1. Which of the aspartates and glutamates could a cross-linker span from K73 if the Cα-Cα distance has to be under 13 Å and same-chain partners fewer than 8 positions apart are dropped?
2. For segment 173-245, just list the percent of Cα-Cα distances falling in each 5 Å bin from zero outward, please.
3. Within 10 Å of each residue's Cβ, count the other Cβ atoms and sort Y98, Y72, Y63 from fewest upward.
4. State, to one decimal in nm, how far the label point of K65 lies from the label point of Y199, with both points 7 Å from Cα in the Cβ direction.
5. Can you compute the charge dipole magnitude of segment 180-240 about its Cα centre, using +1 on each Lys and Arg Cβ and -1 on each Asp and Glu Cβ, nothing else charged? Give it in debye, rounded to the nearest 20.
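Each value in this text was obtained by applying a stated rule to the coordinates, not by laboratory testing. These numbers come from a predicted model, not from an experiment. Every residue, glycine as well, gets a Cβ built from its backbone with ideal geometry; the counts of neighbours run over all protein chains shown.
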Amino acid sequence: MDRIRTALELYKDVKATASRSSNGTTPSRAADHMAPPPITYTRTRSLTIPLHVLREHRVMAAYNKGPFVDAYKILRTQVMHRLRENGWNVLGVTSPGYGEGKTLTAVNLAISLAMETTQTVLLVDSDLRDPSVHRVFGVKDCRGLADYLLDASPLEDLLLHPGIGRFVLLPGGRAISSSTEILTSLKMVALVEELKHRYPSRIVIFDLPALLHTADVLAFSPYTDALLMVVEEGKTTGEELQRALGLVRNSRPVLGTVLNKAGQSSLTLADMKAMLSQ
């Protein structure tokens, strides 16, 4: 854990220096491009997910209490404080490398946020090279974001409501290799703007790819308000975290980091700890 904390401290020091030298200016939003007309959708397909499927995939909605649930509620509270104080509602979740728990973190954070009565939450699987959020809910291959962007499939035919609170999912759809170009297309820009502004009380979470392995996060992050970084104790190195934070330093604020598997618990996914580091 010491190497991760050291990387975070270095990131904060460099970020503070950059902030002082910027004279209060902030990077311009890439979403200022001319966009196609607004998207219209009026229906969402509902699913009934068996409880054993949610438990098998460690979805917090399957549990009423316990350290697993409490950890995500703490993370939810910290994230909401940061979003509200800045007037943000679009969050990207990523990690330095593969297999560090960013997709499960995005799912459980979205569900936890949707359990509050003050907002709805839309989770968008934008890891288009390997879309996997739908599998967390036991759903086999299905259409999603890629089909909307490439085949003009109506958005209302792609959205899923897994029967959990005020939570809606837009799956990734089929895997595509040209993910960077698709994520920065005018149609994607228009979609992000539509999702961001259509409902004032909506929070939009994008499950993004691993930052150090593709250009997707660097290309797409200007369309988000902030990023959340997921790291795994014992797997993510301090150097990897420092490199990842350095890559996005001038792109979007890093809302914080989630330290995954920081201790032992009765669950397969260990306790989650938020170490907010603005």
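1. E116, D271
2. 3, 13, 23, 22, 17, 13, 7, 3, 0
3. Y98, Y63, Y72
4. Using points 7 Å along Cα→Cβ, the separation is 3.0 nm.
5. Using only the charged Cβ atoms, the result is roughly 380 debye.
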